[in-house]
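First the structure, in the form of structure tokens, and then the observations on it.
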Amino acid sequence: MKPVTEPILCAAASAFDFGGPMVCDSHHYGEGHINDTFVVWRADHTKRFILQRINTDTFTDPAGLMENICGVTRHLRAKIQAEGGDPGRECLNVIPTLSGASYYIDTEGNAWRAYDFVENTVCLQQVGCEADFRTVAETLGKFQNQLADYPASTLHETIARFHDTPNRYANFEKALAADALGRAKTIAPEIAFIHARKKDCHVLLDQLAAGEIPLRVTHNDTKINNVLLDEATGKGICVIDLDTVMPGLSAYDFGDSIRTGANDCAEDEPDQSRVHFDLHLYEVFAKGYLSTAGSTMHTAEKRSLAWGAKLMTLECGIRFLTDYLEGDHYFHIARPNHNLDRARTQFTLVRQMEDVFDQMLEIVCPDNH
Ligand code: ADP
Ligand code: GN1
Ligand code: MG
């Protein structure tokens, strides 16, 4: 994607029904790896909004994507209302364009969308205290319940085979064979690490195919920074980044939060001696998640959560390393070897999870692991 210039950003801002003239700040906001996120203010500074350029290299069907988001947010709003919550704050609100559409295509062909800014919230890049991590877990479990009766067949598959781990493995093999930038020679240990876990990649999809675990409507990108918490009270407020809400497994949502939260390091920590998987934080998250989403889960699905933690971490590492081999065109990077550092961190976490995997199973499924 070409960089976003100030004129392009301002032209996009003027296409939406923000209720008045706007001022734009062309600095990126937040720490997402995929879309280009900006904050725009009404000129009188009474209200701000999120304006995002959708990454159409990643999401090639912005119409289908926005149809999903409008449908899902409508559904969530009704649930929140029925539960006595505040739908204005607890759910993303899509701002229409001046012509009433859910997204805007600019003169360069970029796709844009806008949301109300959810004020007085924080999102965690790392877990500071375990109470917050438990809240993220409860909020995601509640989100899953609220989508339990969403008509899954109406959802567009916004990224094909998103959590198909064997397919991610196959894509890695292709990137390795092509070795477009001659980088493979520097990553022999990481390549061996992935190859040794080829069979593991199949575990969750095999369980699904065997009918042992259910397909649900899931978020699929439950990095902890995709949950907003109240700045003052720490209460769980809003699940954001709904681009990948699609049919999936609860293991995916559980797993990606464990990957990003149950440790004491950044996702891109370059010093592997500072990477520690934290079994206690895993347990904290598991208890929170099961307290809201667990009542509809049978034994096999609970067991699958531990596999989700390991496989989402392995899969993400495989994706980072694939992007490294292909020239860093998928994930935003801020330095050379950024994707390599990210991949190594994921593999360190996977190795540490393997050392305590029996305990991980016991925690999510104490009766029958
Ligand atoms: P990406 O897909 O690139 O991760 P996100 O939709 O997650 O993009 O947005 C990136 C960041 O912007 C989030 O991590 C959060 O900090 C912030 N953000 C996104 N939407 C909102 C919102 N409606 N209100 C407040 N902050 C938001
Ligand atoms: C991306 O969009 P963001 O930054 O929340 C990616 C996730 C990865 C994550 C790794 C659509 O998430 O799948 O797990 O980076 N999202 C997409 O940090 O590919
Ligand atoms: Mg995000």
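The values are calculated or read from the model by the stated rules, or taken from the named source; none is laboratory data. Every value quoted in this text rests on a predicted model; they were computed, and no experiment measured them. Heads up, the Cβs are rebuilt from the backbone with ideal geometry, glycines too, and the neighbour counts pull from every protein chain shown. For the accessible areas, the whole protein counts, side chains as well, though only heavy atoms, and no ligand, DNA or RNA atoms are used. Shrake-Rupley method; radii C 1.70, N 1.55, O 1.52, S 1.80 Å.
Observations
- The fraction of Cα-Cα pairs per 10 angstrom bin, counted from 0 for the chain, comes to 5, 24, 33, 26, 10, 2 percent, rounded to whole percents.
- Here the accessible area is traced with a 1.4 Å probe on the protein chains. For the chain, carbon and sulfur cover 51 percent of it.
- Hz values of 3J(HN,Hα) by residue in the stretch 295-303 - Karplus curve (6.51, -1.76, 1.60), Gly and Pro given as x: 5, 9, 9, 8, 3, 5, 5, 4, 4
- Sequence-distant contacts, meaning Cα pairs under 8 Å at least 6 residues apart, place the relative contact order of the chain at 18 percent.
- The stretch 6-118: C-alpha gyration tensor shape, a/c 1.5 cut-off, then a/b vs b/c: oblate
- Taking every protein chain into account, the accessible area of the stretch 226-369 amounts to 35 square angstrom per residue (probe 1.4 Å).
- Sorted peptide list for 317-324, 125-132, criterion being average Cβ within 10 angstrom, highest first: 317-324, 125-132
- Taking all protein chains together and a 1.4 Å probe, the residues Cys365, Cys24, Cys123 rank Cys123, Cys24, Cys365 from largest to smallest accessible area.
- The residues packed around Glu108, meaning those with a beta-carbon under 11 Å from its beta-carbon, carry a net charge of +1 if Lys and Arg are +1 and Asp and Glu are -1.
- Restricting the stretch 52-120 to GluC sites (Glu not before Pro) that sit in a DSSP loop and have at most 13 other Cβ atoms within 10 Å of their own Cβ leaves Glu83, Glu108, Glu119.
- Charge tally in the Cβ shell below 12 Å around Gly30, where Lys, Arg are +1 and Asp, Glu are -1, Gly30 excluded: -2
- If you take all other residues with their beta carbon under 15 Å from the beta carbon of Gly71, and give Lys and Arg +1 and Asp and Glu -1, the sum is -1.
- Interchain or long-range residues, amide H under 5 Å from Ile237's placed H: Leu228, Leu229, Asp230
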